[in-house]
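Some notes on the structure that comes next.
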Amino acid sequence: MYFQKNLDNGWARFVLAELIVGSAILAWNWKLWPVVAVFLVVNVALAYAFVRGAAAGRRIITLKFDEQSVDPTVRIASETLPYMRRGLNVETARKTAEIIQKIGDIPAVAITDRERVLAFIGPGCDRHPPGKEIITFATKQVLATGELKIVQRKEDLQCPVKDCVCPLEGAVIAPLKLRGEVVGTVKLYRTDREGPIPAAMVKLAVGIAQLLGMQMELAELDLQAQLVTKAQLEALRAQINPHFLFNTLNTIIMFSRTDPETARRLLIRLASFFRHAFKQTGHFITLREELECINTYLELEKARFHEKLRVTRDVDKTLLNYHVPVLTLQPLVENAVKHGVMPKMGEGTVHIMVRRVGGEMYVEISDDGVGISPEILAHVFEPGFGSGSGVGLSNVNERLKSLFGPESALRIESKVNRGTRVYFKLPLIKGCTGDEEEGGVLSEAQGLNR
C-alpha cells in the first residue's frame, strides 16, 4: 500500500508536469502539436514502463517526485521559450542563464556553443568572460562525448588558468543536443564544498538540457517555416512574368503608333507594377499599397480589353493603412480577369470588397465570368495546378496558412456560367499611419471604368 500510494502520487505529478510543458509549447506555436503529441506519448510510455517494471521487481520501493526538481524545470521551460525560439546565441543564452539561476536557485550558470562561452551568470573568474573560447577540459570532454559530466571538485574542472581565485567548487555539465548532435552545453555550478553535488541539481541540469534542446528544435522548425513562406513569395513573384509582360508590351507597341501619350503612360504603369512586385519589403505591405498595385495591373489590362472589363469596389477606407501579405489580392484579381472575365462572351465585371468584420479584415474577390467546373474546382489548391495559364491559387493559399493559420485559408465558391467568389479573412495588423481620406486609391480605381 505504501508503494502504491507513493507511486500514484508521483505518477500524477509526472503526468501533470508533462502536460504543462506540452501546453507551454502549444501556447507558443499550436502548429507544433504533432511534435508535442509524440513527446508526451513517448515520455509517458517510457516512464510508465519503468515504474511498473520497478514495481514488479521489488516488493518495497519508494518513488517520490521532488517538487523542487519538477516545478523549477517546468517554470524554466515556460520562461525560456520566448528566447530559445530565436535559436542559441549570446543574447538568448544570457537571458536563459539568468532565468535558470533565478528559478533554480543556482549560484552560477553558464551556457556554451561548441566553441565559445555564450553566457555566464554568477560568481566566477574574470578570466572566463562570455565570448571567449572554451578552455576547461571538462567542458570539452562533454562536447566530445555528448555525455553528462558531474564535477565534484574544483580540480576536476581542469581549468588551465592557474593565476586566478575562482569561487567555483564543482559543476554539472550537460550536453545540449539538436537532432542528436551536440551543439553546446549548459553548466550549473556550486560554490561550496559541503559533500557531493545534490541529486536534485543533477536532475535539474539534465531536465534543462533536454528542454533547451527541444526548444532549439522548435526554433529551427519555426525558421524553416519562415524560409518556406519566403520561398513561396519568391516563387509567386517569379510567376508574374511572361504572358502578362509580353501582352502588355504588345499593347504598348500598338499605342506607340496611334497614341504615343497613352503608350508613355502605360510604360510608366508597367514599370510601377514590376517595381512593386519585386521590391524586397518583407512579407507585408499596407492595403493601400496592395490596392495601388491592383490599380496599375487593371489599367494595363483595360488598355488591352477596353470596355470588356469592368471593375467595382467596396473598400473600407479605415483599413487602408493596415498590413496585408505582399501580393495576396493582386493574384486573385488577376485570376478573376484571366480565367473568369476574359473567356466570357461580352462584358464582365470583377468586384473587389474589403471590409472590417468582427475585428478582422474580410477580403473577397468575385467575378461574373465563366465559372469553374466542379472537376477543376476540386484541384485548384493543389500545388502547381493552373500554373501554366496564370498565377496558381495554391501559392497564395499556402502563404496565408503559413502566416496566420488554417482559419485564414482561401475559400472559393463557383458556378459554371455564373461566376466565381474567392474570399478570406486576416487579423488586423496596423501599419503606418496616414490620412484615410477619400480619393487616392479608391478614386483612381473608380476611374478605371470611365
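Within the stretch 166-185, is there a residue that is acidic (Asp, Glu) and under 21 Å from LYS140 (Cα atoms)? Outline the logic, then answer.
Quick first cut of the stretch 166-185, residues acidic (Asp, Glu) only: 169, 181.
Pick out the ones that are also under 21 Å from LYS140 (Cα atoms) and you get 169, 181.
Checked against the condition, which is being acidic (Asp, Glu) and under 21 Å from LYS140 (Cα atoms), the stretch 166-185 yields at least one hit.
Surrounded by fewer than 17 Cβ atoms within 10 Å (Cβ to Cβ) and of a type outside the set (A, V, I, L, M, F, W, C), is that true of GLU133?
Yes: the conditions hold for GLU133.
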Check: Pairs under 9 Å by beta carbon, first residue farther than 19 Å from LEU400 by Cβ and hydroxyl-bearing (Ser, Thr, Tyr) in the stretch 372-388, partner part of a loop (DSSP other than H, G, I, E, B) and modelled with pLDDT of 60 or more, six or more apart or different chains?
Finding: SER373/VAL416
Next item on the list: Tell me which residues, restricted to the stretch 346-371, are touching a strand residue (DSSP E or B) at 6+ places or on another chain (Cβ under 7 Å) and at positive phi.
Entry: GLY371
Note to self: Condition first: surrounded by fewer than 19 Cβ atoms within 10 Å (Cβ to Cβ) and either touching a strand residue (DSSP E or B) at 6+ places or on another chain (Cβ under 6 Å) or in contact (Cβ under 8 Å) with a residue 60 or more places away in the chain (or both). Now tell me which residues in the stretch 296-341 satisfy that.
What the structure shows: LYS302, ARG310, THR312, ARG313, ASP314, VAL315, ASP316, LYS317, THR318, ASN321
Next item on the list: Mind listing just one residue for me: the one in the stretch 136-159 that is touching a strand residue (DSSP E or B) at 6+ places or on another chain (Cβ under 6 Å) and small (Gly, Ala, Ser) and, of those, farthest from THR185 (Cα to Cα)?
Entry: ALA138
Notebook entry, point to check: Considering GLU98, GLU147, which residue is modelled with pLDDT of 85 or more, assigned to a loop (DSSP other than H, G, I, E, B) and surrounded by fewer than 19 Cβ atoms within 10 Å (Cβ to Cβ)?
Noted result: GLU147
Next item on the list: From (1) crowded, with 19+ Cβ neighbours inside 10 Å; (2) within 15 Å of VAL311 (Cα to Cα); (3) modelled with pLDDT of 90 or more, pick out the condition that doesn't hold for THR349.
Entry: (1)
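Tally up the residues in the stretch 283-325 that are part of a helix (DSSP H, G or I) and closer than 24 Å to LYS344 by Cα, please.
Start the filter on the stretch 283-325 by keeping residues that are part of a helix (DSSP H, G or I), which leaves 287-308, 317-319.
With the extra rule that they be closer than 24 Å to LYS344 by Cα, the set shrinks to 294-308.
Residues meeting the conditions: 15.
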Next item on the list: Sort out which residues of the stretch 251-297 are of a type in the set (D, E, K, R), modelled with pLDDT of 80 or more and touching a Leu at 6+ places or on another chain (Cβ under 6 Å), and write them in order of number.
Entry: ARG288, GLU290
Next item on the list: Kindly indicate which of ALA174, ALA144 is within 18 Å of ALA209 (Cβ to Cβ), out of contact with any Leu (no Cβ under 6 Å at 6 or more places or on another chain) and small (Gly, Ala, Ser).
Entry: ALA144
Check: Do you know which of the residues in the stretch 171-191 that are under 16 Å from ASP105 (Cβ atoms) and free of Cβ contacts under 8 Å to residues at least 60 places away in the same chain is surrounded by the fewest Cβ atoms within 10 Å (Cβ to Cβ)?
Finding: VAL172
Next item on the list: Give the stretch 419-450 a look and list any residue that's exposed (fewer than 13 other Cβ atoms within 10 Å of the Cβ) and at pLDDT 50 or above, or say none.
Entry: LEU428, LYS430, CYS432
Margin query: I need the full set of residues from the stretch 326-343 which are assigned to a helix (DSSP H, G or I) and aliphatic (A, V, I, L, M), in order please.
Written below: LEU329, LEU332, VAL333, ALA336, VAL337, VAL341
Next item on the list: Just give me the residues in the stretch 344-363 being in contact with a helix residue (DSSP H, G or I) (Cβ under 9 Å, 6 or more places away or on another chain) and not in a strand (DSSP E or B), in sequence order.
Entry: LYS344, GLY346, GLU347
Next item on the list: Specify the residue that is surrounded by the fewest Cβ atoms within 10 Å (Cβ to Cβ); the eligible residues are those in the stretch 395-418 that are within 22 Å of PRO343 (Cβ to Cβ), among the hydrophobic types (A, V, I, L, M, F, W, C) and modelled with pLDDT of 90 or more.
Entry: VAL416
Note to self: Show the residue pairs meeting these rules: Cβ distance below 6 Å; 6+ apart or different chains; first residue within the stretch 403-422 and closer than 18 Å to VAL380 by Cα; second residue assigned to a loop (DSSP other than H, G, I, E, B) and among the acidic types (Asp, Glu).
What the structure shows: GLY419/ASP368
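The values are calculated or read from the model by the stated rules, or taken from the named source; none is laboratory data. Owing to the predicted nature of the structure, the values given are computational and were not obtained by experimental measurement. Heads up, the Cβs are rebuilt from the backbone with ideal geometry, glycines too, and the neighbour counts pull from every protein chain shown.
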